[in-house]
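Only one structure is covered here, and it is reproduced in the block below.
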Amino acid sequence: MPKLNSDRATHTVSFIPGDTRGTVFLGNPVLDNMMHVIFAMGAEMWTTKRRLKIVESLLAAKRDVTPEAIENYVPTPEEDAAWTAERDSIVKTMYSALTQVANSGATAPPV
Amino acid sequence: MFNRRSFVSVSSFLAGIGLLPASKSAQAKSGKLPVDIAPRGAKGRTERHPTLDLESRQDFMAGVTLFANGELGIASRNRVLDILAAKKLNPQKEMPIDEARALFDGDPVIGMRDRMWHSAHNYEHDILDEYFHANADKYLAELEAADKSGPGTLELNPDMKVPDYTRHEIHQQPGGYVGNPFAGHIYHYATNMFYRGGNDQDQRHISYAAACPTPADGSVKRILDIGTGIGQFAVALKERFPDADVHGIDVGAPMLRYGHMRAIDLDVEVHFAQRLAEETGFPDNHFDMVVSYIMFHEVPAEATRKIYAEANRILRPGGVFYPMDFNHASPRNALRQYGEWKDHRWNNERWRLEYASLDIVEGMRSAGFSVDDQSDKKGTFARVIGTKAA
């Protein structure tokens, strides 16, 4: 649990910690950790790309490009739909390789 | 900054598909909150993430989850079926979990799908947890101010003995529902990602409230939502039954505090209380309807029996008990059983298997209800309706 930056009442009670954080799904904890890093890096890339899209939208509309304008920008429904489609396309492009063992069967372990 | 266009489009959408009458489409930012920390405004019924980067990171993980449940999920399911076919096993048959694990654990595609889903889930919990803890003082001040405000009320019971079974980190949520001061905040944003945009306007809760069975005599004056969490179902029920007193109870004070604050923001009057579903403290024959949404798979069998009995006690004769949860009527097979086991073990759904093993209909009958099981084998959720004898 991160440090609580307050002295106010929390209305919490003690909890029973789960034991799922170190779960190894890929046979080697290093592989699992590496995949987690790869997904997190994807999120950072998309975060930067989304900021860039907002800057472009502000510039195209000849609006002031300030940190506040970027932070509070509300995409139009059209932008929202287009950005979601692009996100899904990027995810697919980046991660489709992860399905390929099943598709080819070539390197899957014998069943 | 609040955007009028998205505000209108969301409420129009909900009204257009019949989930809400146009005049009843509650929106966040009613102006009723005494302290309102919403630096980026709201989109309809949901406050936007407090920072653009949080929103973008979570948006990406929504895409990752979509892929894990979509393309990679299909590949993973196909892998299960391929393995069963190679062993000449009938995919429609039940299978002991040890046998299923021996077959499927360690497969690279199944493992990769689970890793992707798991990582997305943990990542989005962690970034929310870190943000709200780092900015704790202003968000706790917002909750404190809302605790004492209305519409609606909030009753907290600091001396309540919280049962151990509720103190787990359900769904791997950091601190669970009782141990993290921002459990409600994290739950709301995280489940919005889980539903991948399909519930950020409470669409699911509104549609479930619309489909909620009512007493045969049509009289609905008091409704109780047990295990209300952040109150989305209770709010939707109040919107469907504006003349009824709607109550929501839960053991998790942080969840209730967020739910109460959100109900104020939506300007919907719901009465929240930190109480046990097994021992609600309400009088006999008090409610016309007692309902719950996906609570019972988080509850052990012994507590379930007690809650059924308590629901029967507090319902008036002819009152309706509607415990909405995963479908017991769906066919059981190796794929489903393996999925339930993974949800139980790796998503920390502690009581998921106990729930799956229960005879819900018989349990409700034993508690005194006449039971109408309308469950559709293809549905995600069971539809089992209990009526207290008149």
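So, in the range B:279-291, how many residues would count as being surrounded by fewer than 22 Cβ atoms within 10 Å (Cβ to Cβ) and touching an Asp or Glu at 6+ places or on another chain (Cβ under 8 Å)?
Looking only at that region, the number is 2.
With the condition kept exactly as written, say whether any residue in the range B:354-368 is under 29 Å from residue B:155 (Cβ atoms), more than 20 Å from the chain's Cα centre (by Cα) and not in a helix (DSSP H, G or I).
yes
Within the range B:312-336, count every residue that is among the aliphatic types (A, V, I, L, M) and in a strand (DSSP E or B).
3
Working only within the range B:170-218, note down all residues that are assigned to a loop (DSSP other than H, G, I, E, B) and among the small types (Gly, Ala, Ser).
B:175, B:176, B:179, B:197, B:198, B:211, B:216, B:218, listed by residue number.
Which of the residues spanning the range B:313-350 are farther than 20 Å from residue A:18 by Cβ and free of Cβ contacts under 8 Å to residues at least 60 places away in the same chain?
The answer is B:313, B:325, B:326, B:327, B:328, B:329, B:330, B:336.
Wholly within the range B:238-311, which strands (runs of 3 or more DSSP E) include no fewer than the required count, namely at least 3 residues that are within 19 Å of residue B:160 (Cβ to Cβ)?
Working: elements: B:245-250, B:271-274, B:287-293.
Result: B:245-250, B:271-274.
Would a scan of the range B:42-56 turn up a residue that is in a helix (DSSP H, G or I), within 14 Å of chain A (Cβ to nearest Cβ), modelled with pLDDT of 95 or more and closer than 25 Å to residue A:20 by Cβ? Walk me through it before giving the result.
First, the residues of the range B:42-56 that are in a helix (DSSP H, G or I): B:52-56.
From what is left, the residues that are within 14 Å of chain A (Cβ to nearest Cβ) are B:52-56.
If we keep only those that are modelled with pLDDT of 95 or more as well, we get B:52-56.
Applying the additional criterion that residues be closer than 25 Å to residue A:20 by Cβ yields B:54.
There is at least one residue in the range B:42-56 that is in a helix (DSSP H, G or I), within 14 Å of chain A (Cβ to nearest Cβ), modelled with pLDDT of 95 or more and closer than 25 Å to residue A:20 by Cβ.
Going by what's in this entry, would residue A:55 be described as under 27 Å from residue B:349 (Cα atoms), surrounded by fewer than 17 Cβ atoms within 10 Å (Cβ to Cβ) and either more than 7 Å from chain B (Cβ to nearest Cβ) or under 16 Å from the mean Cα position of the chain (by Cα) (or both)?
Taking the combined requirement at face value, the residue does not satisfy it.
Filter the range B:142-181 for residues that are among the aliphatic types (A, V, I, L, M) and more than 7 Å from chain A (Cβ to nearest Cβ) and give the result. Spell out how you get there, then give the answer.
Step one: filter the range B:142-181 for residues among the aliphatic types (A, V, I, L, M), giving B:143, B:145-146, B:154, B:156, B:160, B:162, B:170, B:178.
Hits for the range B:142-181 are B:143, B:145, B:146, B:154, B:160, B:170.
Looking at (1) assigned to a helix (DSSP H, G or I); (2) modelled with pLDDT under 95; (3) among the small types (Gly, Ala, Ser), find the lone condition where residue A:81 falls short.
Residue A:81 satisfies all of (1) assigned to a helix (DSSP H, G or I); (2) modelled with pLDDT under 95; (3) among the small types (Gly, Ala, Ser) except (2).
Residues that are touching a Ser or Thr at 6+ places or on another chain (Cβ under 7 Å), farther than 30 Å from residue A:38 by Cα and assigned to a loop (DSSP other than H, G, I, E, B): does the range B:135-143 have at least one?
no
Of everything in the range A:24-46, what is facing chain B (nearest Cβ under 7 Å) and crowded, with 16+ Cβ neighbours inside 10 Å? Give them in sequence order.
Within the range A:24-46, A:25, A:26, A:32, A:35, A:36, A:39, A:40, A:42, A:43, A:46 qualify.
Identify all residues within the range B:351-363 that are more than 29 Å from residue A:16 (Cβ to Cβ) and either among the aliphatic types (A, V, I, L, M) or in contact with a strand residue (DSSP E or B) (Cβ under 8 Å, 6 or more places away or on another chain) (or both); write none if there are none.
B:361
Against the condition under 24 Å from residue B:61 (Cβ atoms) and either modelled with pLDDT of 95 or more or within 11 Å of chain B (Cβ to nearest Cβ) (or both), how does residue A:107 come out, does it pass?
Here the answer is no, as residue A:107 does not meet what is asked.
Return the residues of the range B:210-268 that are among the aromatic types (Phe, Trp, Tyr) and surrounded by fewer than 24 Cβ atoms within 10 Å (Cβ to Cβ); say none if nothing qualifies.
B:241
Can you confirm whether the range B:115-125 contains a residue that is aromatic (Phe, Trp, Tyr), touching a residue at least 60 places away in the same chain (Cβ under 8 Å) and more than 8 Å from chain A (Cβ to nearest Cβ)?
no
Go through the range B:72-98 and report how many residues are more than 11 Å from chain A (Cβ to nearest Cβ), assigned to a helix (DSSP H, G or I) and surrounded by 15 or more Cβ atoms within 10 Å (Cβ to Cβ).
Residues in the range B:72-98 being more than 11 Å from chain A (Cβ to nearest Cβ), assigned to a helix (DSSP H, G or I) and surrounded by 15 or more Cβ atoms within 10 Å (Cβ to Cβ): 1 in total.
Inspect all residues belonging to the range A:60-67 and state whether any of them is assigned to a helix (DSSP H, G or I), facing chain B (nearest Cβ under 9 Å) and either over 20 Å from the mean Cα position of the chain (by Cα) or on the phi < 0 side of the Ramachandran plot (or both).
no
The values are calculated or read from the model by the stated rules, or taken from the named source; none is laboratory data. What you see is a predicted model; the values in this text were computed from it and never measured. FYI the Cβ positions are ideal-geometry reconstructions off the backbone, even for glycines, and counts take in every protein chain you see.
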